[in-house]
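Worksheet: one structure, shown below.
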Amino acid sequence: MASALDDDEIGSDDYYSLLNVRREATQEELKAAYRRLCMLYHPDKHRDPELKRQAETLFNLVHEAYEVLSDPQARAIYDIYGKRGLDVEGWEVVERRRTPAEIREEYERLQREREERRLQQRTNPKGTISVGIDATDLFDRYEEDYEDMVGGVPHVEINKMHISQSIEAPLTSRDTAILSGSLSTHNGNGGGTINVAFRRVTSAKGWGEVEVGAGDTHGPLFGLKIFRNLTPRFFVTAQCGLQFSSRGVRPGITTVLARHLDKNTMGYLQWRWGIQSSMNTSIVRDTKSSHFTFAMQLGIPHTFMMMSYQYKFQDEDQTKIKGSVKSGFFGTVVEYGAERKISRHSVLGATVSVGVPQGVSLKIKLNRASQTYFFPIHLTDQLLPSAVFYATVGPLVFYLAIQQLIIRPYVQAQKEQDLEKQRESSASNIAKKKQEAEAAVSLIILNAWYGKFVTDNSRKHERAKVIDVTVPLQCLVKDSKLILTEATKSGLPGFYDPCVGEEKSLKVLYQFRGVMHQVLSGDTEPLRIPKQSHRIDADT
C-alpha cells in the first residue's frame with residue numbers, strides 16, 4: 001500500500017491516470033474505478049498516521065477526478081484544455097443541457113473575455129472627457145439682443161473641452177511605466193501635455209516614481225514622488241517637481257500625511273509650496289451607508305472650508321444622494337445631486353451647483369468602466385430661481401421618462417425573451433429529469449444483513465453472526481441499480497467482518513417499482529440488483 005500512496009501520484013493532474021482508466025472510458029468504467037479506489041484509499045482503512053494522511057489526500061483527489069470526468073460538460077473542457085480550463089471564471093454557469101461542442105464554444109468565448117480583462121488590468125487604461133457648455137442664454141439674455149431673437153432659438157455653445165488618457169505597462173513584477181497625456185481648449189485657446197513616468201515598488205511598505213513631461217504651454221517638467229507606510233495606520237506621500245518655462249524654473253513641493261483614525265475614518269494633512277502654496281487638513285469617514293468629508297484650507301489664492309455628505313441606499317442600483325457646502329474668499333457654493341447605476345459597468349450622476357458669484361450650473365457625469373465623461377453646463381451667472389428649478393427638476397424628469405419609456409420596457413422584453421427561450425429549451429430536459437427522479441427512488445433497500453446465517457435445522461444451536469448494512473448498501477445504489485464486484489464485501493464502505501474466518505453471505509430485502517424482492521448472495525459472489533429472479537411471489 002505504501003507504493004500506492006506515492007507523493008508523485010498525489011500531485012498528479014492527469015485525472016485518467018489517477019483513476020487508472022483509458023481516456024475513452026465509459027461512465028460505468030469510471031464508476032467502477034472510482035468505487036474501487038475509494039475502498040482502497042479510504043482513510044479509515046489505515047492506522048499509520050502518515051499513510052492515513054496520504055490516503056486522505058488521494059481519496060480527495062480521486063473524488064475530484066470522478067466529479068469532473070462523470071460530468072460530460074466538464075469532461076469535454078478537461079479533454080481539450082486540461083485542468084486549467086476548469087478554472088476559467090464563468091463557465092460553471094453554462095447550461096447543463098448543452099453539448100460538448102457548445103460548451104467548447106462557450107469556453108473559448110469566456111477565455112477571450114478573460115484575456116481582454118487581463119490586458120485591461122495590465123494596462124489599466126483611465127480616461128476623462130470633459131465638455132463645458134455655456135447655456136446662459138436660456139435664462140439670462142441681454143436686453144439689446146432680445147428684440148432681435150424673439151421667437152428664435154437660444155444660443156448654446158461649447159466653450160471648453162478637456163481630454164486626458166493614461167495607460168500603465170508593467171515591465172517587471174516591481175516596475176511599471178506610465179504614459180499619460182491631455183488636451184485642453186477654452187474659448188478658442190488650447191494646449192496639450194504628455195507625461196512619462198517610471199514607478200518602482202521598493203518594498204512592501206512603499207514605492208517611488210519619476211516623471212518627465214512636456215507641453216506647449218508650460219514647458220518641460222521633471223518630478224519625483226515617494227510613498228511610504230510608516231506604520232500600519234499611518235503613511236506619507238511626498239512629491240517635488242521642477243517646471244521649466246520662459247519665466248524660468250518654478251519649483252514645487254507637496255507633502256501629504258494620512259492616518260487611520262478608526263476603521264472607517266481617515267485624517268489628512270497636506271502642505272503645498274510653490275505656484276499655489278497652501279495648507280489643507282481634512283477628515284473623511286466612509287461607511288457602508290454614508291460618506292462624510294470635512295476640509296479646511298489656508299492658501300494663496302484659495303482659502304476655504306468645505307463640508308459634504310453622501311447617503312448610500314442599500315439597493316441593487318447603488319443609488320446615492322449627496323450635498324456639500326463650500327465657502328471661502330471666492331464666495332459660497334452649495335451643491336446637491338444624486339448618482340445611480342444604470343448598467344453593469346455604468347454609473348450616471350447629476351449635480352446642481354448654486355453659488356455666489358458663480359451662478360447656477362448643472363454637472364452631469366457618466367462613469368463607464370474606467371472612463372469618465374463629464375458635462376458641466378453653466379446656466380446663469382446670477383441666482384435665478386428658474387435656473388435652480390429647471391436644473392433640479394429637468395434631469396430628474398428626463399431620467400424618469402427615459403427609465404419608464406425606454407429602459408424598463410427594453411429590459412423587461414429581454415427578460416421575457418430569455419425566459420421563453422429557457423422554457424422552450426428546458427421542456428425536454430424537465431421531462432428527462434422527472435424520469436430520472438422517478439427512477440432514482442424506484443429501488444429501495446428495505447433490509448440488508450451481512451455475516452454468517454444459520455439455515456440448516458441441524459445447526460439451530462449455533463448463533464447467527466450478522467450485522468445490519470441497510471444504510472451503507474442504500475448509499476451504493478445509483479440509477480436504481482446496485483452492482484457489487486467479485487470481492488469480499490467486508491471491504492465495502494460501512495461494512496466490516498463480523499465473523500473472521502467463517503463463511504459469510506449478504507441477504508438483501510428490497511423493493512423495486514412497488515414489488516418486493518429478496519436475494520441471498522455469497523461473500524465473494526458478484527451481485528447485481530434488481531433482477532426478475534429475486535422477485536417474491538404474492539403467495540409467498
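Here are the numbers for the structure shown:
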{"quantity": "Residues within the range 122-147 that are closer than 29 Å to Met161 by Cβ and modelled with pLDDT under 80, tallied", "calculated": "6"}
{"quantity": "Residue check for Thr372: farther than 17 Å from Phe398 by Cα, in contact (Cβ under 8 Å) with a residue 24 or more places away in the chain and in contact with an Asp or Glu (Cβ under 6 Å, 6 or more places away or on another chain)", "calculated": "no"}
{"quantity": "From Thr176, Thr172, Thr193, residue being open to solvent by less than 80 Å² (accessible area, probe 1.4 Å) and over 33 Å from the mean Cα position of the chain (by Cα)", "calculated": "Thr193"}
{"quantity": "Subset of the range 478-509 that is open to solvent by less than 40 Å² (accessible area, probe 1.4 Å) and at pLDDT below 80 - its residue that is nearest to Lys531 (Cα to Cα)", "calculated": "Ser480"}
{"quantity": "Failed item in (1) assigned to a strand (DSSP E or B); (2) modelled with pLDDT under 90, with Ile275 passing the rest", "calculated": "(1)"}
{"quantity": "Test: residue in the range 262-281 that is under 24 Å from Leu221 (Cα atoms) and among the aromatic types (Phe, Trp, Tyr)", "calculated": "yes"}
{"quantity": "Single residue of the range 510-540 satisfying the filter (among the hydroxyl-bearing types (Ser, Thr, Tyr) and within 21 Å of Phe495 (Cβ to Cβ)) that is surrounded by the most Cβ atoms within 10 Å (Cβ to Cβ)", "calculated": "Tyr510"}
{"quantity": "Of all residues making up the range 244-263, the number that are open to solvent by less than 80 Å² (accessible area, probe 1.4 Å) and not in a strand (DSSP E or B)", "calculated": "0"}
{"quantity": "The range 17-38, subset open to solvent by less than 50 Å² (accessible area, probe 1.4 Å) and in a loop (DSSP other than H, G, I, E, B), residue nearest to Thr57 (Cα to Cα)", "calculated": "Val21"}
{"quantity": "Test: residue in the range 264-274 that is open to solvent by less than 40 Å² (accessible area, probe 1.4 Å), over 28 Å from the mean Cα position of the chain (by Cα), closer than 30 Å to Thr231 by Cβ and of a type outside the set (Phe, Trp, Tyr)", "calculated": "yes"}
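The values are calculated or read from the model by the stated rules, or taken from the named source; none is laboratory data. Since the structure is predicted, the reported quantities are computational estimates derived from the model, not experimental observations. So basically every Cβ, Gly included, is an ideal-geometry build from the backbone, and we count neighbours across all protein chains shown. Protein only, heavy atoms only, side chains kept; ligands, DNA and RNA dropped before computing areas. Shrake-Rupley method; radii C 1.70, N 1.55, O 1.52, S 1.80 Å.
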